[in-house]
């Protein structure tokens, strides 16, 4: 294969079928530059899964849409901090993904104040089971009311918290070309 080595992070979610076999319900990848030579880090604890009741996808889609509106009103940092679970992670940054609302909020320090991160879930895609849900959609960055300067796709894994709110445990975006 020679120079075909690819670096990046991926998010892979599995679901057990009624027959006991496992199937992939989400496989998302975010390309990155080669890892740092001294990036020998380990995640101390991973987000916990959910053992909650199976619920419909609608609540997570609604949470994703509210998340997007808060980002428009307040900026991405406050929005990501507000909707992240206490053990939530942003995948795609090196060497260690930010974890928890404060670390995730800080990831957006320096986001240009004259830009907006805008997104919407694709309402006919996604899955929910056992207190977890996956939403996917498309996002753009650009000036308010202006032409988008970057385009991306995203996948978010949501967990239904004991208080009935949806919080994300994993969020990952990857670039995509502009539409014609």
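Please state the relative contact order of region 51-175 as a whole percent: Cα pairs under 8 Å, 6+ residues apart?
Averaging sequence separation for qualifying contacts and normalising by length gives 27 percent for region 51-175.
Taking 1 over the mean of 1/r across every pair of different Cα atoms in region 51-175, what Kirkwood radius in Å do you get? Let's see the in-between values first.
Numbers: mean 1/r = 0.0684 Å⁻¹.
Result for region 51-175, one decimal place: 14.6 Å.
Cβ neighbours within 10 Å, averaged per peptide: list 109-116, 69-76 in order, most packed at the top. If you can, show how the numbers build up before the last one.
Values: 109-116: 11.1, 69-76: 16.0.
Taking the mean over residues of other Cβ atoms within 10 Å, the ranking is 69-76, 109-116.
What length, rounded to one decimal in nm, is gained on full extension from residue 148 through to residue 125, with 0.36 nm per residue of separation minus their alpha-carbon distance?
5.9 nm
Arranged from highest to lowest average of other beta-carbon atoms within 10 Å per residue, in what order do the peptides 97-103, 143-149 appear? List each step's numbers first, then the result.
Details: 97-103: 17.7, 143-149: 10.3.
Ranked from most to least packed, the peptides come out as 97-103, 143-149.
Only the coordinates and a few stated rules stand behind these numbers; no lab work does. Computed from a predicted structure; not experimentally measured. Positions of Cβ are generated from backbone atoms using ideal geometry, with glycine treated the same way; all protein chains shown enter the neighbour counts.
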